[in-house]
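Trainee: Structure provided below as structure tokens; questions to follow.
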Amino acid sequence: MTTGRDGVREPAYTLAEMIVVVLVLAIAAAIVIGGIGTTKDSQAISAARVLASDMALARNLAVTTQVPHTVVFSSDLQSYKVVANYTGGGYALATAVEHPVRANERFEVRLASLNGMESVVVGPVSFGTYVTFDAEGDPSNGGSVTLRSGGTGMVISVEALTGAVSVARSAE
């Protein structure tokens, strides 16, 4: 409390109260800032979610159409496409199916061309350059794909028995 010109005491904060408020704000700021990753970290996480969703969609397309669908990676591993009845022959010869959401577009993804994902690097791919889901949704083989950007690595895994697709941070 302080005394005004007319001798009446006016309410005020003590130094101890001000220090407590500043400490609380500093702790809150440290928590918020610590939880925010870099842009490159966010790119790896977003790219992993996109790839995992596309792989799960390829699996669902195989089940719903009763036609095997394959996610084929380019040799440089920076793009992939979803192909029906893939017979091999490499990335360039494979024709992507029509994208189920974007009309009149083929289902081909170049990570560098996606908004904000230009620093994402794909590799290694443990199941080779492709994984095929049969009419029951079972994969030709299980394995994983690693995406990296900045200091963050994300692993997209395909379970060998069930075909379930999952995303996790890499241990490195």
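Rule-based calculations on the coordinates, nothing more; no lab input. A quick note: this is a predicted structure, and the numbers were derived from the prediction, not measured. Quick reminder, even Gly has a Cβ in these numbers, built from the backbone with ideal geometry, and neighbours come from all protein chains shown.
Trainee: Taking 30 Å as R0, compute the FRET efficiency from the Cβ-Cβ separation of ALA12 and VAL32 and round it to 0.05. Provide the component values of the computation, followed by the final result.
Mentor: Numbers: r = 30 Å, r/R0 = 0.99.
FRET efficiency, ALA12 to VAL32: 0.50.
Trainee: Once you have the alpha carbon radius of gyration of the stretch 39-169, what is it after dividing by 2.2 N^0.38 Å, with N set to its residue count? Walk me through the intermediate numbers first.
Mentor: Details: Rg = 13.7 Å, N = 131, 2.2 N^0.38 = 14.0 Å.
In units of the globular-protein estimate, the stretch 39-169 measures up at 0.98.
Trainee: For TYR91, TYR13, TYR80, which order do you get if you count the other beta carbons within 10 Å of each Cβ and list the fewest first?
Mentor: Details: TYR91 18, TYR13 10, TYR80 28.
In increasing order of surrounding Cβ atoms, one gets TYR13, TYR91, TYR80.
Trainee: Can you give the calculated 222 nm mean residue ellipticity of the chain, where each DSSP H run of n ≥ 4 adds -39,500 (n - 2.57) and the sum is split over every residue, rounded to the nearest 500 deg cm²/dmol? The partial results should precede the final answer.
Mentor: Numbers: 2 runs with 48 residues, N = 172.
For the chain, the value works out to -10000 deg cm²/dmol.
Trainee: Cα centroids of the stretch 106-172 and the stretch 56-93: how far apart, whole angstrom?
Mentor: First find each Cα centre; the distance between them is then 12 Å.
Trainee: Still on this structure: Expressed as an acute angle from 0 to 90° and rounded to the nearest 10, what is the orientation of the C-alpha long axis of helix 39-65 relative to the principal long axis of the chain?
Mentor: 40 degrees
Trainee: Moving to a separate point now. When the chain is modelled as a GNM with alpha-carbon springs shorter than 10 Å, which of VAL21, VAL71, VAL63 fluctuates the most?
Mentor: Looking only at VAL21, VAL71, VAL63, the largest GNM fluctuation is found for VAL21.
Trainee: Run the quick spin-label model on ARG49 and ASP76: label points 7 Å from Cα toward the beta carbon, then report their separation in nm to one decimal.
Mentor: Each label point is offset 7 Å from its Cα along the Cβ direction, giving 2.7 nm.
Trainee: Further question: Can you list residues from other chains, or at least 5 along the same chain, whose modelled amide H is less than 5 Å from the amide H of ARG106?
Mentor: Close amide H contacts, sequence-distant or interchain: HIS99.
Trainee: I've got another one for you. At 0.36 nm per residue, minus the direct Cα-Cα distance, what do ALA92 and THR64 gain on full extension? Give it in nm, one decimal, please. Don't jump to the answer; show the numbers that get you there.
Mentor: On the way: separation 28, 0.36 × 28 = 10.08 nm, distance 2.62 nm.
In short, 7.5 nm is gained.
Trainee: How far is helix 15-35 tilted, in degrees, relative to the longest principal axis of the Cα atoms in the chain, given as a value from 0 to 90 rounded to the nearest 10?
Mentor: Helix 15-35 sits at roughly 10 degrees to that axis.
Trainee: Test of understanding: ordering LEU57, LEU15, LEU93, LEU111 by Cβ neighbours within 10 Å, fewest first, what list do you get?
Mentor: On the way: LEU57 19, LEU15 7, LEU93 11, LEU111 22.
Placing the least packed residue first, the sequence is LEU15, LEU93, LEU57, LEU111.
Trainee: Counting other Cβ atoms within 10 Å, which trypsin sites (Lys or Arg not before Pro) in the stretch 88-140 have at most 12 and lie in a DSSP loop?
Mentor: Details: sites: ARG102, ARG106, ARG110; in loops: ARG102.
Here the sparse-neighbourhood loop sites are ARG102.
Trainee: Can you list residues from other chains, or at least 5 along the same chain, whose modelled amide H is less than 5 Å from the amide H of ASN141?
Mentor: Long-range HN contacts for ASN141: THR132.
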